[in-house]
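Input: a single structure, listed below in structure tokens.
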Amino acid sequence: MTQISGGTALITGGASGIGLLMGRMLLERGAAQLIVWDASTANIEAARAPLDPLGAVVFDQVDVSDTGAVLAAVSQLEAGGTPVDLLINNAGIVVGKPFLGHEHADIDRALAINTGALMHLTRALLPGMVARGQGHVVNIASAAALVSNPNMSVYAASKWAVTGWSDSLRQEMERAGTGVRVTTVLPYYIDTGMFEGVRSRLIPLLQPQDVAHRILRAVERDAVFLHMPAIVRLLPLLRGLLPTRALDFVLNRIFGVASSMDDFRGRTADRNPNATAPKDP
Ligand code: NAD
């Protein structure tokens, strides 16, 4: 079982949304040190107030899509003798347009942040974890890894890729008896503002503090997968059992998945990601 208390955790995209909440909860549960990487200096500045009073926090402005910057920041941690016990690969973006509306740069950036960065950072930190015989890597994918709805093509692709890679890594770590755990997280839409404007029929948006709390509980239990809500677990079964058009009917006509992104606006200025940081439930 992974013990949070006394360990060092690194969260990418840790200055907003569920990343910020998980950081707060880790400190409240006795993490010895929290390292927050985020590309946004504004988010970092706003995250200092809720996090600093809770314990030892190091903020670093790192764009995880810049592999050179990631490797340099890892070298700095190693030079400072900071072993990362828990890595939460959380930073992510969504373009939220029809595929034909994507610029080529949108495609490259989404895949670099949502997929490539997780692999490069994990590749850099894993040798230390393996050498110490312990560590935990949490990869935040999405329920979008199990469905393929309009206006999310590149985002869905990036999260499908993460899910495949993450569970392959999990098996490699287990087969080699490394002591390193890997947890893959697949949440439905969360009310953080990242997906502002999204429409959800039948399934309520997930609440950020509940998601953060459940991810940390999954870490403590060394869970392999965390699907939120639990009905998301049924998607692969439905895909296997139903003809594709029947699955389209269930997902799109009944659950409204195909039209869920029609009014997507994404993060807006009035949804300050740091406005609410409730205590660990
Ligand atoms: P958020 O937008 O609130 O926070 C993301 C943070 O990542 C921001 O602080 C942002 O500055 C940072 N970030 C973005 N690009 C970065 C980069 N290149 N380098 C470093 N930091 C970067 O997001 P959230 O809603 O808390 O989502 C967190 C994770 O959960 C993401 O991976 C997202 O894809 C996933 N997820 C979100 C939802 C949802 O509905 N919000 C649903 C399923 C999965």
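The values are calculated or read from the model by the stated rules, or taken from the named source; none is laboratory data. Note that the structure is predicted; figures quoted are calculated from it, not measured. Cβ sites come from the backbone with ideal geometry, for glycine too, and all protein chains shown count toward neighbours. Remember, those area values only see protein heavy atoms, side chains included, never the ligands or the DNA or RNA. Shrake-Rupley method; radii C 1.70, N 1.55, O 1.52, S 1.80 Å.
Comparing mean-square fluctuations of Pro243, Pro50, Pro204 from a GNM of the chain with C-alpha springs under 10 Å, the top value falls on Pro243. When the chain is treated as a GNM with alpha-carbon contacts under 10 Å, the residue of Val185, Val250, Val138 showing the greatest mean-square fluctuation is Val250. When the helices of the chain are scored as -39500 (n - 2.57) per DSSP H run of n ≥ 4 and the total is divided over every residue, the value at 222 nm lands at -12000 deg cm²/dmol.
Shown for the stretch 8-271: the carbon plus sulfur share of the solvent-accessible area, taken with all protein chains present and a 1.4 angstrom probe, equals 55%.
Within the listed set Pro53, Pro229, Pro150, the Gaussian network model of the chain (springs between alpha-carbon atoms below 10 Å) gives the highest mean-square fluctuation for Pro53.
Phi-derived couplings, Karplus 6.51 cos²θ - 1.76 cosθ + 1.60 at θ = phi - 60°, listed residue by residue for the stretch 121-130: 5, 5, 4, 6, 8, 4, x, x, 4, 5 Hz, with x used for Gly and Pro. When only the Cβ of Lys, Arg, Asp and Glu is charged (+1, +1, -1, -1), the dipole of the chain relative to its Cα centre reaches about 820 debye. Taking Cα centre as origin and charging only the Cβ of basic (Lys, Arg, +1) and acidic (Asp, Glu, -1) residues, the dipole magnitude of the stretch 140-238 rounds to 160 debye. Counting Lys and Arg as +1 and Asp and Glu as -1 over every other residue whose Cβ lies under 11 Å from the Cβ of Ala143, the net charge comes to +2.
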